[in-house]
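Data first, discussion second: the structure below is written as structure tokens.
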């Protein structure tokens, strides 16, 4: 028996060619990990600067939702591009806020 | 490992029939596994960017000040956070380039991101070491 994804597989012999379910699942998990990263950053910021931490925590829900978004528009490539762009803008915004916090001295004084 | 678009099932090949020539959405729909892999790589770069932002914030907010070097913490934090922002944008551009190559059945372009990240982290480590030695000497 040929293992899936190896050898001279005919289309019918390759499990993921029939249904890329595992790739889809791995990607779905990657979206979840990204949302958790946002939540962790939001939670950490919530302790020091709640006004910034709250929105960042909210962004984790947005990221999770984007990962769940189905391509209903009929133009999957356009939907995919918009989704990736939204994540990029979100991370860039978070970086800009963090930079402002550091430069404007929003950090807590050292103990 | 790129797969010719002609080997794809018709449903995948015709998924974006209105893709116009010259636009980023032209070409044929690539194998779903490659599209997903490209997306996961993009997400991994974004998580790396977020980790750099967290590291920068931690340096600025949690580290005690370096004796004798008043802006030591900012010197470490600002480049880390800026690198996070750069990685997020560069990760998107990388994803777009890869997706275009996949849609046209071309070889994937070489990404500059690993080199940028490795160089920056090395530079940050050197700056951190210099700061620690400097503050120890000035104490």
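The values are calculated or read from the model by the stated rules, or taken from the named source; none is laboratory data. Keep in mind that what you see is a predicted model, and the values were worked out from it rather than measured. Positions of Cβ are generated from backbone atoms using ideal geometry, with glycine treated the same way; all protein chains shown enter the neighbour counts.
So which residues in segment B:97-110 are in contact with a helix residue (DSSP H, G or I) (Cβ under 9 Å, 6 or more places away or on another chain) and crowded, with 17+ Cβ neighbours inside 10 Å?
From segment B:97-110, those in contact with a helix residue (DSSP H, G or I) (Cβ under 9 Å, 6 or more places away or on another chain) are B:98-99, B:102-109; that's our starting set.
B:98, B:99, B:102, B:103 - these are the residues of segment B:97-110 that are in contact with a helix residue (DSSP H, G or I) (Cβ under 9 Å, 6 or more places away or on another chain) and crowded, with 17+ Cβ neighbours inside 10 Å.
Can you confirm whether residue A:69 is within 13 Å of the chain's Cα centre (by Cα) and modelled with pLDDT of 85 or more? No.
Taking residue B:84 as the residue in question, decide whether it is crowded, with 17+ Cβ neighbours inside 10 Å and at the interface with chain A (Cβ under 7 Å from one of its Cβ atoms). Answer is yes for this residue.
Taking residues in segment A:23-35 that are more than 7 Å from chain B (Cβ to nearest Cβ), and partners anywhere that are surrounded by 20 or more Cβ atoms within 10 Å (Cβ to Cβ), the pairs with Cβ atoms closer than 6 Å and at least 6 places apart or on different chains are A:35/A:60; A:35/A:63.
Can you tell me which of B:33, B:40, B:47 is under 25 Å from residue A:97 (Cβ atoms) and within 7 Å of another protein chain (Cβ to nearest Cβ)? Step through it out loud before you land on a result.
Details: B:33 fails: under 25 Å from residue A:97 (Cβ atoms); B:40 fails: under 25 Å from residue A:97 (Cβ atoms).
Being under 25 Å from residue A:97 (Cβ atoms) and within 7 Å of another protein chain (Cβ to nearest Cβ) holds for just one of B:33, B:40, B:47, which is B:47.
Residue check: residue A:45 meets all listed conditions (1) at pLDDT 90 or above; (2) more than 10 Å from the chain's Cα centre (by Cα); (3) buried (at least 18 other Cβ atoms within 10 Å of the Cβ) but one, namely (1).
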